[in-house]
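Student: Can you read through this structure? Questions will come right after.
No value in this document is a laboratory result; all are computed from the given coordinates. Quick caveat: nothing in here was measured; it's all calculated off a predicted structure. Note: ideal-geometry Cβ built from the backbone for every residue, glycine included; neighbour counts use all protein chains shown.
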């Protein structure tokens, strides 16, 4: 009896011991099928592995057949991989016979040539769509913007009536790219005013230390390295329009420029040629070449910046620039230099300050000094620019060989709700602000500026003006900004738009365009007025 009980107990223990083994035997299954191309033809040599495993578990044969043993406690995903085919992942749960269709990874360009492929990631970076390869050698992004401007001129007591209005100030479409890590380029076109104007269009080579840029060489159409305000993108300027002084500074020209920066310094130097932005400027240059074989002219421009203080909270910026310029054939009159401005409004089309073409100019030199700084949510910025024209008998006036103009501005700003001003060392300028609140931030600003286009010794009477501007900006987010400006402009009697605008009353009480006929009893003369401007801006 005892032996029977012992045998039963031994049998029970054996069954209990064998139960896990039956589970082990039940933990695997066979998955099989065929690997086929897009047309249903078998593919040999496809390597199959379990996701997460390094070892190849099976390879398809000449008929495309494969068979792989998969355990229940392993991953339920198989990886199918073969050179020149896209890798494929398949979930094999509740499946044991699967035909796998593979697609060729070989791609061709528009000219029928096989091209290499790289996976990319697309994401919004501070509101701007950016597409970048996973190895970070290629990057592609947009820099588009639309500005809708409005202007109201409340002063009726003016010599020359001014019309209120609205317009699209900028309608820019720009694409930027970085390729093969060291190379870059940009195409930027403006459609405002129902005409197309070329902006930045250039090729760029970056100098790098490891993965960090320390300089670049640029060739194409772009802004010269001159003036902090002028080189700052319109997306980040503080006021609706730049200062009067900016009309003395060069903007975009064809050229080649070298830029290098360090932790506390920046240098930009380049040689530049004619303007290429508008069709009229291109036509002037081409006609001068065709009809007279005239050289295009050139400019040598350099800018230096030093920031003795530059940390996360504060920055002190000291800069200067110089430009030596020969006559350009993109000007309407060869050896003619003209400065003019619409007095900080794109809606009021009158050009009060205008020298007209000063002829017989051989060389123009420009010089500029910059001083700016920021501490957390406070900022100041100021510049002075001078222009000297040299030639023989300027404007055909015997013995007059030199003329001088100058201008300046100074501005202060305050981010009311605790935002922060950010500085970009590689450009030598302030960039987009950091908003103080989740809903955005308000910015209060004031600017004084002046421009003097008179040189009485040289018998040039282009006019002069002082301007005072109070600004309020609402930084909604990284893409949207609302701007409101009130400006008051005080022009002198010589600001008559090349003799086309009234500047006061003569002795008989009649309006006159001649500054020399303005009667003392009617005041100093010159058009003075205020204006309110607003802008809705989106950048994307």
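Student: How big is the Cα convex hull of the stretch 337-419 in projection, averaged over all directions, in nm²?
Tutor: 7.5 nm²
Student: Would you work out if the stretch 36-99 is rounded, prolate or oblate? Take a ≥ b ≥ c from the square roots of the eigenvalues of the alpha-carbon gyration tensor; rounded if a/c is under 1.5, else prolate when a/b is larger than b/c, oblate otherwise.
Tutor: Verdict is prolate for the stretch 36-99.
Student: Whole number please: convex hull volume per residue, Cα atoms of the chain, in Å³.
Tutor: In the chain, the Cα hull volume divided by residue count equals 247 Å³.
Student: I want to make sure I understand the PRE zone here: with the label point 7 angstrom from the Cα of residue 177 toward its beta carbon, which residues in the stretch 219-237 have backbone N atoms less than 12 Å away?
Tutor: none
Student: Taking the 0 to 90 degree range and rounding to the nearest ten, how far is the long axis of helix 2-25 tilted relative to the main principal axis of the chain, both from C-alpha atoms?
Tutor: On a 0 to 90 degree scale, this one is about 30.
Student: Please work out the ratio of the alpha-carbon Rg of the stretch 97-178 to 2.2 N^0.38 Å and round it to two decimals.
Tutor: 2.14
Student: Working from the alpha-carbon coordinates of the stretch 197-236, get Rg over Rh, Rh being the Kirkwood radius.
Tutor: Ratio of gyration radius to Kirkwood radius: 1.04.
Student: Okay, next question. Which whole-number percent is the relative contact order of the stretch 120-539 (Cα, under 8 Å, 6+ apart)?
Tutor: Taking the mean separation of contacting Cα pairs over the length of the stretch 120-539, I get 13 percent.
Student: Could you calculate the FRET efficiency of residue 37 with residue 131 from 1/(1 + (r/R0)^6), where r is the beta carbon distance between them and R0 is 35 Å, rounded to 0.05?
Tutor: E(calc), rounded to 0.05, equals 0.75.
Student: Could the peptides 389-401, 153-165 be put in order, highest first, of the mean number of other beta-carbon atoms found within 10 Å of their residues?
Tutor: The most tightly packed comes first, giving 389-401, 153-165.
Student: Another one. For the chain, what does -39500 (n - 2.57) per DSSP helix run (n ≥ 4), summed and divided by total residues, give at 222 nm, in deg cm²/dmol to the nearest 500?
Tutor: -2500 deg cm²/dmol
Student: Moving on. For the stretch 161-218 and the stretch 396-466, compute the distance between their C-alpha centroids and round to whole Å.
Tutor: 22 Å
Student: With all distinct Cα pairs included, what does the Kirkwood hydrodynamic radius of the stretch 383-521 come out to in Å, to one decimal, could you say?
Tutor: Taking every pair of different Cα atoms in the stretch 383-521, averaging 1/r and inverting gives 18.6 Å.
Student: How long are the three semi-axes of the equivalent ellipsoid for the stretch 94-252, computed from the Cα gyration tensor as the root of 5 times each eigenvalue, in whole Å, largest first?
Tutor: Ellipsoid semi-axes (Å, largest first): 45, 22, 15.
Student: Kindly state, as a whole number, the per residue volume in cubic angstrom of the convex hull around the alpha carbon atoms of the stretch 205-276.
Tutor: 117 Å³
Student: Turning to a different aspect of this structure: Working from the alpha-carbon coordinates of the stretch 452-540, get Rg over Rh, Rh being the Kirkwood radius.
Tutor: Rounded to two decimals, Rg/Rh equals 1.19.
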